[in-house]
Every structure is written in C-alpha cells, then in structure tokens.
1. Just give me the residues in the range 138-155 being touching a strand residue (DSSP E or B) at 6+ places or on another chain (Cβ under 7 Å) and under 21 Å from Ser89 (Cα atoms), in sequence order.
2. So, in the range 117-137, exactly how many residues are modelled with pLDDT under 95 and either within 28 Å of Ser104 (Cβ to Cβ) or in contact with a strand residue (DSSP E or B) (Cβ under 9 Å, 6 or more places away or on another chain) (or both)?
3. What tally of residues in the range 107-151 results from selecting those that are touching an Asp or Glu at 6+ places or on another chain (Cβ under 8 Å), of a type outside the set (A, V, I, L, M) and touching a residue at least 24 places away in the same chain (Cβ under 8 Å)?
4. Given the condition more than 30 Å from Arg38 (Cβ to Cβ), of a type in the set (Phe, Trp, Tyr) and crowded, with 16+ Cβ neighbours inside 10 Å, answer yes or no: does some residue in the range 135-148 qualify?
5. Looking at the range 1-19, I want the residues that are within 21 Å of Gly41 (Cα to Cα) and have a partner that is surrounded by 10 or more Cβ atoms within 10 Å (Cβ to Cβ) and of a type in the set (Phe, Trp, Tyr) with Cβ atoms under 8 Å, at least 6 apart or on another chain. Which pairs are those?
6. Tell me which strands (runs of 3 or more DSSP E) are completely within the range 86-192 and hold 2 or more residues being touching a Gly at 6+ places or on another chain (Cβ under 8 Å) and charged (D, E, K, R), or say none if there are none.
7. Among Ala158, Ala132, Ala101, which is the only one that is surrounded by fewer than 17 Cβ atoms within 10 Å (Cβ to Cβ) and either closer than 28 Å to Glu4 by Cα or within 25 Å of the chain's Cα centre (by Cα) (or both)?
8. Just checking, how many residues over the range 46-82 are outside any strand (DSSP E or B) and either modelled with pLDDT of 90 or more or β-branched (Val, Ile, Thr) (or both)?
Amino acid sequence: MDLEFIGFYRKVSNLIVDTDDGTGSGNTITANSTNAVRVHGFSVVGSASMTSAVAASLGYTYTTSEQGNQLAGGYSSLPGLPSNRVNSSVDVHPARTPVGATLSVFWVGEIFDNASGFGRVPSGKYTVVDLAGRYFLDPRRRHRLNVRLENLFDETYATGHGRAFTDTGATPYLTSTLGVPRTFHVSYTFAY
C-alpha cells in the first residue's frame with residue numbers, strides 16, 4: 001500500500017481578472033491584476049494492490065485561493081476552481097489472461113464562475129464514471145487493443161460559464177461549457 005500527502009502553495013501575479021467596466025451596468029472587462037493571488041491546499045492519495053490481479057486507488061484534493069475583493073469582479077476566490085475533488089479507480093489485470101479493465105470515478109465539488117453581467121454562477125457537484133478495457137493480441141503483451149467508454153452514465157455537467165449576446169437585439173445570455181458526453185474510444189498500442 002502506498003500513501004502520499006502533498007501540500008502546495010503558489011503565489012500568482014499578473015492574473016487576468018474581470019473588473020467592473022465603470023458603466024454601472026454590472027458588466028465587466030478583463031484586465032491584469034496588480035495584486036497577487038495565493039492558491040494553496042493539499043492532496044491525499046492512496047493506492048494498493050488488493051490481490052495480484054486487482055489494484056485500487058483513491059485521492060482527495062482540497063484547494064482554496066485568496067485575494068482581496070479586487071479579484072474576479074469582486075469575488076474573494078478564483079472562479080472555476082473547485083475546492084474539493086475526489087478520484088478513484090479499480091484496475092483488474094490478471095496475469096494469465098490477455099484482458100484487463102479499469103473503472104474510474106471522478107467527483108468535483110461546488111464551483112463558482114464569474115459571468116460578466118450575471119455575477120457569481122454556481123456549477124460543479126458532478127460525478128463522472130469511465131470504464132476501460134484492454135485486450136493483448138500476443139503472448140508477449142506488446143500489441144494491445146484498448147476500448148474506453150468515457151462518461152459511462154452520460155452525466156450532463158458544466159465545466160465553466162460565460163456570457164454571449166443574441167444576434168438580434170444584442171441581449172446578453174448565460175452560456176455553459178459542457179463536459180464531454182458519453183464517448184466511446186478505441187485505440188491500438190504497440191510496446192517495444
């Protein structure tokens with residue numbers, strides 16, 4: 001069993017942020033901030049071989065950011081940065097058969113974005129599950145066929161928000177950047 005603890009601290013300067021455009025409309029413009037933003041947190045990651053053919057991992061990350069209310073249109077933390085994330089996986093890899101499989105789960109806690117004219121917009125709080133399999137085409141395991149079903153349960157989730165305008169009338173509306181829908185991948189790998 002392996003257990004890893006990671007702490008991190010970073011000071012970011014010249015960050016591009018949203019600032020009030022001065023019109024009183026609630027709209028913002030982007031500008032370089034003269035202030036520094038501090039991002040810090042920790043990760044805990046554990047992994048273990050349950051048997052000779054099954055391994056599992058579990059990780060948790062906590063992140064926070066701090067700066068005065070000059071950041072992101074008056075917010076005190078970086079928009080789009082989740083405070084809590086969990087990822088886990090189980091991998092089955094029997095040595096005597098030419099197949100293997102991996103189940104991965106990724107959870108993201110609450111996120112807030114800053115959309116100009118709309119203010120603070122919540123997102124996050126989603127779980128994505130991926131399922132992958134592999135088949136070795138030769139006894140030396142040099143040729144491998146891989147399949148993966150990304151977003152197994154076809155979870156609809158937003159990874160970010162923004163503002164756009166209608167073609168006629170220039171009325172602003174909120175946009176969402178959606179995460180990857182259920183997607184099937186096939187690939188071939190040659191190891192030499």
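The values are calculated or read from the model by the stated rules, or taken from the named source; none is laboratory data. Just so it is clear, the structure is predicted and the values come from calculations on it, not from any experiment. Heads up, the Cβs are rebuilt from the backbone with ideal geometry, glycines too, and the neighbour counts pull from every protein chain shown.
1. As a first pass, look at the range 138-155 and keep what is touching a strand residue (DSSP E or B) at 6+ places or on another chain (Cβ under 7 Å): 142-153, 155.
Arg144, Leu145, Asn146, Val147, Arg148, Leu149, Glu150, Asn151, Leu152, Phe153, Glu155 - these are the residues of the range 138-155 that are touching a strand residue (DSSP E or B) at 6+ places or on another chain (Cβ under 7 Å) and under 21 Å from Ser89 (Cα atoms).
2. Of all residues in the range 117-137, those modelled with pLDDT under 95 come to 117-125.
Filter once more, keeping what is either within 28 Å of Ser104 (Cβ to Cβ) or in contact with a strand residue (DSSP E or B) (Cβ under 9 Å, 6 or more places away or on another chain) (or both): 117-118, 120-125.
Summing the residues that are modelled with pLDDT under 95 and either within 28 Å of Ser104 (Cβ to Cβ) or in contact with a strand residue (DSSP E or B) (Cβ under 9 Å, 6 or more places away or on another chain) (or both) in the range 117-137 gives 8.
3. 11
4. Residues of the range 135-148 that are more than 30 Å from Arg38 (Cβ to Cβ), as a first pass: 135-148.
Now restrict to residues that are of a type in the set (Phe, Trp, Tyr): 135-136.
Cutting the leftovers down to crowded, with 16+ Cβ neighbours inside 10 Å gives us 136.
Looking for residues that are more than 30 Å from Arg38 (Cβ to Cβ), of a type in the set (Phe, Trp, Tyr) and crowded, with 16+ Cβ neighbours inside 10 Å, one finds at least one in the range 135-148, hence yes.
5. So the pair list comes out as Phe5/Phe42; Ile6/Phe42; Gly7/Phe42; Phe8/Phe42.
6. Values: elements: 99-115, 119-136, 143-150, 158-165, 172-178, 183-190.
Because the criterion is at least 2 residues that are touching a Gly at 6+ places or on another chain (Cβ under 8 Å) and charged (D, E, K, R), the strands (runs of 3 or more DSSP E) in the range 86-192 that meet it are 99-115, 119-136.
7. Numbers: Ala158 fails: surrounded by fewer than 17 Cβ atoms within 10 Å (Cβ to Cβ); Ala132 fails: surrounded by fewer than 17 Cβ atoms within 10 Å (Cβ to Cβ).
Only one candidate qualifies: Ala101.
8. Count: 4.
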